Amino acid sequence: MSSAPLVGVLALQGGFEAHEKVLRRLGADTRQVRVPADLEGLQALVIPGGESTVMTLGIEREGLGEPLRAFAAGGRPVLGTCAGMIMLDRLHLGVLDVLAQRNAFGRQVRSFEADFEVEGVAGGPVHAIFIRAPWIAEHGPGVQVLAEVDGHPVAVRQRNLLALSFHPELTGEDRLHRFFLRMLD
Ligand code: GLN
């Protein structure tokens, strides 16, 4: 990174502040995105975890659907974590060629932590927290699977789009955010 990139974090609902902290620690500037005008001038965008039904309503209410689709189609990096992964899928914004299955590990009981390798992330296994997490039930040929848990994709990439079932912003683990920021190069 030559100068600090400006990264937006969708701030309608959910865990946006924790993402902002990690991104700022890594030298990025951040901006909370609540209305379409907030997307202007951003170099990358994070859609955080939260509750996908509530986030969907917020996106509709603010008229953010089309602007978010255009942002993703424009090639700038977009990271979706947990509910953010669901927002990117075929049934929601429709930009990532996957079908995310909500609460796939089970509802409350299956909030858990796991360690696994993520392709493209050096330095050993990543420590990940899953909170009522989705997994990828189906994906198209343009989607690269970077990690799986129990045989189900939990980290995928399609060109400029990175989607994670888990919460890298909650573990002090910043390698996934570094990976994301390298997508700006
Ligand atoms: N289960 C939530 C949903 O379906 C996602 C949970 C999360 O983002 N931690 O929206």
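The values are calculated or read from the model by the stated rules, or taken from the named source; none is laboratory data. Here the structure is a predicted model, which means the values were calculated and not measured. With ideal geometry, Cβ positions are generated from the backbone for all residues, glycine too; neighbour counts draw on all protein chains shown. Note: areas computed on protein heavy atoms with side chains; ligands, DNA, RNA excluded. Shrake-Rupley method; radii C 1.70, N 1.55, O 1.52, S 1.80 Å.
Numbers below:
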| read-out | value |
| --- | --- |
| Residue count, region 81-96 (criterion: touching a strand residue (DSSP E or B) at 6+ places or on another chain (Cβ under 6 Å) and surrounded by fewer than 22 Cβ atoms within 10 Å (Cβ to Cβ)) | 1 |
| Single match in Leu96, Leu91 (criterion: touching a residue at least 12 places away in the same chain (Cβ under 8 Å) and under 24 Å from Arg34 (Cα atoms)) | Leu96 |
| Number of positions in region 89-140 that are of a type in the set (Gly, Ala, Ser) and within 16 Å of the ligand (Cβ to nearest atom) | 8 |
| Candidates Ala4, Ala11 - the one that is among the hydrophobic types (A, V, I, L, M, F, W, C) and either within 16 Å of the ligand (Cβ to nearest atom) or more than 24 Å from Arg182 (Cβ to Cβ) (or both) | Ala11 |
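Residue-wise test of (1) in a loop (DSSP other than H, G, I, E, B); (2) polar (S, T, N, Q); (3) at pLDDT 95 or above; (4) open to solvent by 60 Å² or more (accessible area, probe 1.4 Å).
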{"site": "Val121", "(1), (2), (3), (4)": "yes, no, yes, no"}
{"site": "Gly124", "(1), (2), (3), (4)": "yes, no, yes, no"}
{"site": "Arg132", "(1), (2), (3), (4)": "yes, no, no, yes"}
{"site": "Glu148", "(1), (2), (3), (4)": "no, no, yes, yes"}
{"site": "Pro153", "(1), (2), (3), (4)": "no, no, yes, no"}
{"site": "Arg178", "(1), (2), (3), (4)": "no, no, yes, yes"}
{"site": "Leu181", "(1), (2), (3), (4)": "no, no, yes, no"}
